[in-house]
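The values are calculated or read from the model by the stated rules, or taken from the named source; none is laboratory data. Note that the structure is a prediction, hence the values are computed from the model and not measured. Note that we place each Cβ from the backbone using ideal geometry, even for glycine, and neighbour counts take in every protein chain shown. Remember, those area values only see protein heavy atoms, side chains included, never the ligands or the DNA or RNA. Shrake-Rupley method; radii C 1.70, N 1.55, O 1.52, S 1.80 Å.
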Amino acid sequence: VSAVPLPLTTDRLVLRLLTADDTDAMHSYRGLAEVNRYLYRLPDSRQRCAELIASAAGGTTWQADGDALVLAVCRRGAPGLIGEVVLRLRDAAARQAEIGWTFDPAHHGRGYATEAARALLALAFGTLGVHRVYARVDVDNAASVRVAGKLGMRREAHLVENDVDPVRGWGSEFIYAILDREFRP
Ligand SMILES: CC(C)(COP(=O)(O)OP(=O)(O)OC[C@H]1O[C@@H](n2cnc3c(N)ncnc32)[C@H](O)[C@@H]1OP(=O)(O)O)[C@@H](O)C(=O)NCCC(=O)NCCS
């Protein structure tokens, strides 16, 4: 999106577009079973990571349903990728977007996912004019449930065996959401 002021910065983090140089770092966590445990997919190959980066590196037009802004998350002063956050336009007319977060286990538990997601929510509600942001979180994904809670998102639904995971079989998900007027940056 040309109107999106990138990179975004927070107290500790920089959120920027992905580049081909991020491929190995992305694969180092996306290739892990533990990272994909609640994502309803198998670990990604290095080739798959390269393809994902190629499709996301140019940003997005943020106009049509499905357009996605994928941002690399780095620590200030350290250019290496520690995770990623994504905002996907699900319904342009109703201004509904879905948010997601995935981080390298080497950097879990320091509040980075929450800090990065909060910056992305500010962008969604401020610059992009989104009305409602929601997240789908597996009911057993305690860390992600906690992140949604810290962001002030409301648990709106508990779906039961609504999806199937290639390893775990049937899985159930919570839907968390927050409205533009509810967000406190
Ligand atoms: C979910 C994820 C992004 C969180 O990243 P993170 O940077 O560790 O997140 P934060 O540090 O901001 O917050 C994590 C919170 O979960 C808590 N937590 C972590 N593991 C937990 C567990 N097993 N049970 C309960 N709480 C847990 C942490 O203590 C922390 O809460 P606190 O700040 O109150 O102490 C990370 O675990 C991840 O990448 N998981 C794999 C991918 C994934 O599942 N993505 C989400 C899809 S919906």
Within the range 87-98, residues touching a helix residue (DSSP H, G or I) at 6+ places or on another chain (Cβ under 8 Å) and either open to solvent by 10 Å² or more (accessible area, probe 1.4 Å) or more than 15 Å from the ligand (Cβ to nearest atom) (or both) come out as none
Residue 155 vs (1) open to solvent by 60 Å² or more (accessible area, probe 1.4 Å); (2) out of contact with any helix residue (DSSP H, G or I) (no Cβ under 8 Å at 6 or more places or on another chain): all pass except (2)
Quick check: is even one residue across the range 118-130 more than 7 Å from the ligand (Cβ to nearest atom), aliphatic (A, V, I, L, M), in contact with a helix residue (DSSP H, G or I) (Cβ under 6 Å, 6 or more places away or on another chain) and open to solvent by less than 30 Å² (accessible area, probe 1.4 Å)? yes
Being within 11 Å of the ligand (Cβ to nearest atom), touching a residue at least 24 places away in the same chain (Cβ under 8 Å) and surrounded by fewer than 19 Cβ atoms within 10 Å (Cβ to Cβ) narrows 166, 105 down to just 105
